[in-house]
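For reference, the structure discussed in these notes is given below.
The values are calculated or read from the model by the stated rules, or taken from the named source; none is laboratory data. The model shown is predicted, which means the values in this text are computed figures rather than measured ones. Cβ coordinates were reconstructed from backbone atoms using ideal geometry, including for glycine residues, and neighbour counts include every protein chain displayed.
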Amino acid sequence: MGPWKARIHHFGQIVASVETRLAGSLWEARTEVVVDPVQKARLVLVSVPGDDGSPFVELVEPLGEESPVWNALVRGGGWHHVCYEVPTRDEGERMMREARLLPVTPWVPAVLFGGRSVRFVYSRSRELLELYANELHA
């Protein structure tokens, strides 16, 4: 089993408002705020100014009750998932098989990542993980 070609890319945090969360933090936006039609949410990657090596934080603002992350906001928001970057979907599939990860979503194109593929899975300890394949979604 393993080792997989994976690294932590970001930690996802559910927030009521991207702008409010940024105004009250030391973080600065590293990407434009985008609307993701799959998550029905506004998304932005942030980090501490001057940091160019640590994993990002992804702020996720649900756009209403239709958003799959709405209930997480209703429960108070906060830390939501860990995203692992893998070089390809095939490597992500190998990681899923070997670590016995349970698929939650299919691979879909991610607006925040320029159309690259992402997929959500659960670990055996019920952690929500996002796999981010560093290749364009086909």
What pairs can you find where one residue is in region 6-21 and in contact (Cβ under 8 Å) with a residue 60 or more places away in the chain, the other is among the hydroxyl-bearing types (Ser, Thr, Tyr), and their Cβ atoms are less than 8 Å apart, with a gap of 6+ or different chains? Ala6/Tyr84; Arg7/Tyr84; Ile8/Tyr84; His9/Tyr84; His9/Tyr132
Of Pro49, Pro87, the only residue that is of a type outside the set (Lys, Arg), touching an Asp or Glu at 6+ places or on another chain (Cβ under 9 Å) and at pLDDT below 95 is Pro49
How many residues does region 73-103 contain that are within 21 Å of Ser17 (Cα to Cα) and either among the small types (Gly, Ala, Ser) or free of Cβ contacts under 8 Å to residues at least 24 places away in the same chain (or both)? 5
Against the definition (of a type in the set (Gly, Ala, Ser) and touching a Phe, Trp or Tyr at 6+ places or on another chain (Cβ under 7 Å)), how does Ser117 come out, yes or no? yes
Which condition does Ala41 not pass, out of (1) of a type in the set (A, V, I, L, M); (2) over 14 Å from the mean Cα position of the chain (by Cα); (3) within 20 Å of Val108 (Cβ to Cβ), if it passes all the others? (2)
Boolean, Trp70 is aromatic (Phe, Trp, Tyr) and in contact (Cβ under 8 Å) with a residue 40 or more places away in the chain: no
Is there a residue in region 103-111 that is touching a helix residue (DSSP H, G or I) at 6+ places or on another chain (Cβ under 8 Å), assigned to a strand (DSSP E or B) and not basic (Lys, Arg)? yes
